[in-house]
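Below is one structure, written out as structure tokens; the observations come after it.
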Amino acid sequence: MPTGAKRAKRGNDGKGAREGSKTAKVLDLLKRPGGVTAAELLKATGWQPHSVRGFLSGTIGKKMGLRVIFAKGEEGERTYSVEA
């Protein structure tokens, strides 16, 4: 590759996430009616809480351009969803 050549950016090409990936799994959970709790996301991905929050903010919010909505339930549990 020539020294001045640049690689194409890998981004969201309109297809969403690769089928069967953790990103696809998280997106499916976020699109459910009522959303998904933080505990469910932790269980589904096996990630630490800070990783889930970073993924929602960075990958889902910034890279994919989806608006992540969160609400606190009566018991204090956060519920996450995406705007359709």
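General observations
- If the condition is being at pLDDT below 85 and acidic (Asp, Glu), then the stretch 13-28 contributes only Asp13.
- Considering residues of the stretch 58-84 that are in a helix (DSSP H, G or I) and either out of contact with any strand residue (DSSP E or B) (no Cβ under 7 Å at 6 or more places or on another chain) or not small (Gly, Ala, Ser) (or both) only, the residue surrounded by the fewest Cβ atoms within 10 Å (Cβ to Cβ): Lys62
- Close pairs (8 angstrom Cβ cut-off, 6 or more residues apart or separate chains): on the phi > 0 side of the Ramachandran plot in the stretch 40-52, modelled with pLDDT under 95 anywhere: none
- Evaluation of His50 against the conditions (1) at pLDDT 95 or above; (2) in contact with a helix residue (DSSP H, G or I) (Cβ under 8 Å, 6 or more places away or on another chain) shows that the sole unmet condition is (2).
- Among residues of the stretch 27-57, those that are exposed (fewer than 13 other Cβ atoms within 10 Å of the Cβ) and among the basic types (Lys, Arg), counted: 2
The values are calculated or read from the model by the stated rules, or taken from the named source; none is laboratory data. All values reported here derive from a predicted model rather than from experimental measurement. Please note: Cβ atoms are built from the backbone with ideal geometry, for glycine as well, and neighbour counts cover all protein chains shown.
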